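What follows is a short report on a single structure.
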Amino acid sequence: MPIANCILSSSVAQSGDHPSDLIAKWGHHSGVDTSEMTVTVVRAEQPMGKEYKAICTLHLPSVWSPKSVDLLQVGLAKAVSEQFELKVADVIVMTSIIQSGHVVEGGEVVSW
């Protein structure tokens, strides 16, 4: 269940690629199956302070190994930069590791 939420600066141009291509690119760059990946992309109306072109939060279950976490983080940064024609330096990814029992899906607590 890799879930990413990305906020794009209002200065970032719309992508010419199909939105689902972002998940395919993320899977390609991270080497991970895309069947459980979710990405939400929104635009910031008034970004303030230090500007990143894309600010992404990545939520991962604690079952991922440290190497897999690294691959998913870097893969997301590369996929977002490719999808929206940004420099990788313009993308920040912050990751939260979710413990078993801290997710409710379909009204049920999920354990792994």
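The values are calculated or read from the model by the stated rules, or taken from the named source; none is laboratory data. Not measured: the values here are computed from a predicted model. Ideal geometry is used to build each Cβ from the backbone, glycine not excepted, and the neighbour counts take in all protein chains shown. Please note that ligands, DNA and RNA were not included when accessible areas were found on the heavy atoms of the full protein model with its side chains. Shrake-Rupley method; radii C 1.70, N 1.55, O 1.52, S 1.80 Å.
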query: Among the DSSP beta bridges whose two residues both lie in the stretch 27-112, what percent are antiparallel, rounded to the nearest 5?
result: 25 percent
- prompt: What does the helix-only formula give at 222 nm for the chain: each DSSP H stretch with n ≥ 4 adding -39500 (n - 2.57), the total divided by the residues, and the result rounded to the nearest 500 deg cm²/dmol?
  reply: -8000 deg cm²/dmol
query: Which value in nm describes the separation of the simple spin-label points at residue 43 and residue 88, placed 7 Å from the Cα toward the beta carbon?
result: 2.8 nm
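Using square roots of five times the C-alpha gyration tensor eigenvalues, list the equivalent-ellipsoid semi-axes of the stretch 43-95 in whole Å, biggest first.
Details: eigenvalues 104, 34, 14 Å².
After scaling each eigenvalue by five and taking roots: 23, 13, 8 Å.
How large, in percent, is the carbon and sulfur part of the accessible surface of the chain at a probe radius of 1.4 Å? Don't skip to the answer; put the middle values down first.
Values: 3650 of 6750 Å².
Roughly 54 percent of what the probe reaches on the chain is carbon or sulfur.
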task: May I ask you to list the trypsin sites (Lys or Arg not before Pro) in the stretch 1-65 that are in a DSSP loop and have at most 15 other Cβ atoms within 10 Å of their Cβ?
output: 50
statement: Checking 49, 16, 27 against a Gaussian network model of the chain (alpha-carbon springs below 10 Å), the top fluctuating residue turns out to be 49
- request: Multiply the residue separation of residue 20 and residue 99 by 0.36 nm, subtract the distance between their alpha-carbon atoms, and state the gained length in nm to one decimal.
  value: 25.7 nm
- prompt: Given the C-alpha centroids of the stretch 89-112 and the stretch 31-64, what is the distance between them in whole angstrom?
  reply: 12 Å
field: Computed label-point distance, nm, for sites residue 10 and residue 62 using a 7 Å Cα→Cβ extension
entry: 4.1 nm
- request: Report the charge-dipole magnitude of the chain in Debye, nearest 20, computed about the Cα centre from +1 at each Lys and Arg Cβ and -1 at each Asp and Glu Cβ.
  value: 320 debye
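Shape verdict for the chain, please, from the Cα gyration tensor: rounded (a/c under 1.5), prolate (a/b greater than b/c) or oblate.
Numbers: a/c = 1.84, a/b = 1.58, b/c = 1.17.
Note, shape of the chain comes out prolate.
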